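Only one structure is covered here, and it is reproduced in the block below.
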């Protein structure tokens, strides 16, 4: 993964963002944490948009608030103030149950440490999000096989996570993230726990999802090389978003 | 279905830990079941009592006798339809460790009063016709290898001497609540011997056992009998057979309460052990629960996983424990049958075992579930890596 052009090479042209509608609107978002009696501001007055099909990399040093911002967009944390509208839904107005339902249908998650369930096979891990849908067993099987085919792991579907390499586990996690065909994919340091070769494979896969499938991807990383695969890079520093983006 | 598979696989992620926890529950349920069975065995005599039978004894104490002459007056009391009498004989067969209850009784009325002692007709006739004949319970006969026609010698403790009997009948219990470890023989044999050897002890009975026409008459009949012998040299105390048996049990009530408390303490201890296991389990998996929540699974699903696993472990141990209680109780009965003649696991004990197992599973899952459901996803995910 030394060259982002290599990672996305041969996977079609990037999506033309100018003609794409805005899918994520982040407005005046503030977030702080309490450490004992101290209030630590993590995000301050964050404003930006993400267009449909955009591959965005959020960068910044440790503690800059990038993972917190990702969690807020993914609906797994709550803003202190401000609004986040995704696909026309103001997720800051949703209660826990509504948010859980929204996440299940609109967000695919890719974590740094894969977060697969160790007692489930690759197939069963990918099938997990589909259990919350009304799909039949046969339909679920078709979706899972398709997702595992996309990440080129059809032959490992009966293996448990402990029987897979780190790169393979992350590919299973990506299959789990895309199997419900979510509105956005969020990835928190997806290559952070991988060796160079595996990291390159993962970035190549994400490029493919972006360019061939038109997925909207928001990725947190502090690996500049991984970020180069993204179309847009935004920087966070001490809770502020640098509005100049590349 | 997937959830069930998931919670069973989760339960065996730490095989040693789960195995030891199940073993602990098994032992606790086994101990609980055995203690409950022991308490029930203590009350077996009370439970087997008939509401149609009253016991009359000396009002001062059971060790003081009553005159045989009372029998005619008792018979005249309205509501009484059968009068029998007897003495606790307290004989020893070969040596004291071979203890079993043995009585001298008026045979014809006694057999009529106790239809739950099932005796074949021929043997009954043979017993009634032989003044030195005795009836032994099936269990005691099997234990000592007695057969009908065998001679048995008991060494008298209350009534000195060697007493020889011929086993004329072997009784079986009508149901399993009947004590099959007793031996009884003709009171006349005892009385006639007393007349020869210790005349002052002759014509004295230890108790009267009477049959009444209707259990509702028990109070009235008791009052009448006791009033009849008021201000005599041997005043009577008449009570139902149940109350009579209960008076023996109440002598050891403190022990029974202690046994019951211990059985509850065992359950509380195992509850703490399983709760600890589940707390460790949930703490280790808090990141996974956060992943489930991230994917959209709700608190109910997480609660189902933890409670399900807790109940699975608890009920597996309970099932094994219940399964073991029966053979262990059987072995215990074989070994100490003379002290606990009625020692079997009652259905209520099994229900209590199951209730205890469910309670342990639910209580053990309570705190870990609350913690897993309440934790914020972001905090849970932070625990990974």
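Structural remarks
- Failed item in (1) surrounded by fewer than 16 Cβ atoms within 10 Å (Cβ to Cβ); (2) closer than 18 Å to residue B:291 by Cβ, with residue A:196 passing the rest: (2)
- Out of B:311, B:305, B:295, one residue alone is more than 14 Å from every other protein chain (Cβ to nearest Cβ) and either surrounded by fewer than 21 Cβ atoms within 10 Å (Cβ to Cβ) or under 28 Å from residue A:132 (Cβ atoms) (or both). It is B:311.
- Residue, farthest from residue A:160 (Cα to Cα), within the stretch B:10-34, restricted to residues that are crowded, with 16+ Cβ neighbours inside 10 Å and within 14 Å of another protein chain (Cβ to nearest Cβ): B:18
- Among the residues of the stretch B:114-135, those that are under 25 Å from residue B:98 (Cα atoms) and in contact with a helix residue (DSSP H, G or I) (Cβ under 8 Å, 6 or more places away or on another chain) comprise B:117, B:119, B:127, B:131, B:132, B:133, B:134, B:135.
- Apart from one condition, residue A:137 fits all of (1) more than 8 Å from chain B (Cβ to nearest Cβ); (2) crowded, with 16+ Cβ neighbours inside 10 Å; the exception is (2).
- Test for residue A:130: is it away from chain B (no Cβ under 11 Å) and in a helix (DSSP H, G or I): no
- Flag if residue B:81 is in the same structural domain as residue B:316 (by TED's automatic domain parsing) and touching a residue at least 60 places away in the same chain (Cβ under 8 Å): no
- With respect to (1) in a helix (DSSP H, G or I); (2) free of Cβ contacts under 8 Å to residues at least 60 places away in the same chain, the lone exception for residue B:74 is condition (2).
- Verdict on residue B:170 being over 30 Å from residue B:346 (Cβ atoms) and within 29 Å of the chain's Cα centre (by Cα): no
- Residue satisfying all of: in the stretch B:172-199; in contact with a strand residue (DSSP E or B) (Cβ under 6 Å, 6 or more places away or on another chain) and in a loop (DSSP other than H, G, I, E, B); surrounded by the fewest Cβ atoms within 10 Å (Cβ to Cβ) among these: B:174
- Considering the stretch B:330-385, and only residues there that are modelled with pLDDT of 90 or more and not in a helix (DSSP H, G or I), the residue that is nearest to the other protein chains (Cβ to nearest Cβ) turns out to be B:345.
- Subset of the stretch A:64-98 that is more than 17 Å from the chain's Cα centre (by Cα) and part of a helix (DSSP H, G or I) - its residue that is nearest to the other protein chains (Cβ to nearest Cβ): A:97
- Some residue of the stretch A:116-124 being part of a helix (DSSP H, G or I) and either surrounded by fewer than 19 Cβ atoms within 10 Å (Cβ to Cβ) or within 14 Å of another protein chain (Cβ to nearest Cβ) (or both): yes
- Those residues of the stretch B:216-235 which are loosely packed, with under 15 Cβ neighbours inside 10 Å and within 20 Å of residue B:81 (Cβ to Cβ), in sequence order: B:216, B:219, B:220, B:223, B:227
- Selected residue [surrounded by fewer than 14 Cβ atoms within 10 Å (Cβ to Cβ) and touching a strand residue (DSSP E or B) at 6+ places or on another chain (Cβ under 8 Å)] from B:51, B:69: B:51
- Output for the stretch B:262-285, where each listed residue is surrounded by fewer than 20 Cβ atoms within 10 Å (Cβ to Cβ) and within 14 Å of chain A (Cβ to nearest Cβ): B:284
The values are calculated or read from the model by the stated rules, or taken from the named source; none is laboratory data. What you see is a predicted model, and the numbers here were worked out from it, not measured in a lab. With ideal geometry, Cβ positions are generated from the backbone for all residues, glycine too; neighbour counts draw on all protein chains shown.
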